[in-house]
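Presented below is the structure to which this report refers.
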Amino acid sequence: MNTIAIVGICIAAATIAVLAVLMIWCLFLKRDRGGEQEEENEDDIEQGRNREREERIGEGKGIRNRGLDCFMNAPLQCFVGMDDFCDRIKDEEGINVDNDEAESDDELNGKSGVLEKFKRFIEIYKKDDNCNMVDCEFLREAFEAEFPSSEQHDTRQFIMELFEAIQSEQNISNQPFISSGHKDHKDAWEEYTKNNTSIIDDFFIGMYETKFQCECKEIETVYEQFNHISLPITIKNSLETFNLWLKNCKKNTYSEFKCKKCNSFKKFEIVKQITKFPQYLILAFERLDTHKNVKLDGIINFPLNFTMPDPDNNENNKQTIEYDLNSIINHSGFIHQGHYTAKSLRNDQWLNFNDSLYEPLLGPPINDPKAYILFYKKKVSS
């Protein structure tokens, strides 16, 4: 074999070797790119699932429970579901505290009032981000004195304390309003609102009118405000509980009342009715009997919506007040050892909130056997 032939064979072999290396490299490159593409596809699938879950669940976030915080987390979820209330509170300020804007959680923990902490919580919750859980430790610490973190507490008491704290920062006077001598309920409400202009008063406070009528027909009318209504549980645990209250008036005969006109003790007929309906009506079933140290379980039938007679009704005005169920606080367990959860309506979707967890419900919570507190929203007149 001559030299030229040998050189030709060597060149051919080298070419084949180079082509083989190139083919192997291309195969590896294709496999790597395929793996990257597969990972990208998996990320897209996961993101799609997240988007699908968010669309399915709607507007919602969980709230971290650091131990025994469910008594606070449940009502906070209910308040977040009140869009008009949340929109309004952003611009609220206290007149009885230093409301300089806090720049950090450390400042929020000790320098600002409850209103500022509550506003900060709403702001964090409503923030459009990828976070599905919020922490409101700064708000929890504001109530440590009244509700020690080492103990369990009644969620209704927390709601009342929250209301009173915000009212004390915004109202000129925080004395209970019990007044008589007004010409009608409108006159009484006008007097009340002169010194009580807080956001709590605007959204959650209503007014009772109570008429005391003696046997001699002498009548005395008294007006007082309320922030919630307690409903006793009937023996049958049925719709009777709600229907008795829906009659709007309670008539009872009492003795041992002294009539100013008769100047002696006589039997009085007492008629009590609501003359000012709040934007959000809070009804609390008396399940936790602290006197007997027991919890009253059982299904209580309550409506998703109901109608009340308008206190301004007259011959020419037959309008009514309508309410729709907006959220529920449930209590499970026993009187001194239990757990609170919430069900709230968000963008026409009912969600179930259990501290940091939340999930969609198939429908509205009808006759929930664990229902403890109901929040109803007044319909806007068309």
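Positive contributions from Lys and Arg (+1) and negative ones from Asp and Glu (-1), summed over other residues with Cβ under 14 Å from the Cβ of Gln279, come out at -2. Cα convex hull, the range 272-314: 125 Å³ per residue, rounded to a whole number.
Distance between the modelled labels on Lys379 and Asp348, one decimal in nanometres: 1.6 nm (7 Å Cα→Cβ projection).
Remark: the Asp184-Glu146 segment gains 9.9 nm on full extension, using 0.36 nm per residue and subtracting the alpha carbon distance. Here the label points at Phe257 and Lys217, each 7 Å from Cα along the C-beta direction, are separated by 1.7 nm in the simple model. Each peptide in 60-72, 321-333 gets a packing score, the mean of other Cβ atoms within 10 Å over its residues, and the list from highest to lowest is 321-333, 60-72. Remark: for residue pairs Lys276/Lys318; Lys295/Lys377; Lys194/Lys318; Lys292/Lys378; Lys276/Lys343, the C-alpha separation exceeds 23 Å in Lys295/Lys377; Lys194/Lys318; Lys292/Lys378; Lys276/Lys343.
Throughout, read-outs are computed from the coordinates displayed, never taken from laboratory work. Remember, predicted model here, so these are calculated numbers, not experimental data. Every residue, glycine among them, receives a Cβ derived from its backbone with ideal geometry; neighbour counts consider all protein chains shown.
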